[in-house]
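Just so you know, all these numbers are worked out from the coordinates, no wet-lab data involved. All of these numbers come straight from a predicted model, not from anything done at the bench. Virtual Cβ from ideal backbone geometry, glycine too; neighbours counted across all protein chains shown.
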Amino acid sequence: QVQLVESGGGLVQPGGSLRLSCAASGSIFSINHMAWYRQAQGPQRELVASITSGGIINYVDSVKGRFTISRDNAKNTVSLQMNSLKPEDTAVYYCNARMVILGSPYEYQYWGQGTQVTVSS
């Protein structure tokens, strides 16, 4: 069984910082693409930042210059450092990973349980 466990959400004032972390565990052969999504009101999840196993990074325009995604391939973790937070960053943040598990030739997409980030004074 493979799972993603997130940590680090919470309440912060505008202009503050938070760091989200996500650890993948289980029968993992390889992790290709890791990302953070967020979901505010409504069913749509927004891709916030992504990073490939080779270190190629992309950000949504609204967080460029404020958020930094990083990963530790040896520990199967991905983090999101969020600085200069704004009220519009308030959302549930989800870790996402595309992984190949042991014994399977296929890549599957996995999600964490989500962690609430609230930016408010």
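Quick look at the numbers
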item	result
Overall Cα dimensions of the chain - principal axes, largest extent first, Å	49, 25, 23
Spacing of the two label points (7 Å from each Cα toward its C-beta) at Thr118 and Gln81, in nm	2.7 nm
Test item: Cα-centred dipole of the chain, Lys/Arg +1 and Asp/Glu -1 on Cβ, debye	120 debye
FRET efficiency, Ser17 to Trp111 (Cβ-Cβ, R0 22 Å, nearest 0.05)	0.35
Added length on full extension, which subtracts the Cα-Cα distance from 0.36 nm per residue, Ile56 to Ala74	4.8 nm
Only Lys, Arg (+1) and Asp, Glu (-1) charged, at Cβ; region 66-117 dipole about Cα centre in debye	100 debye
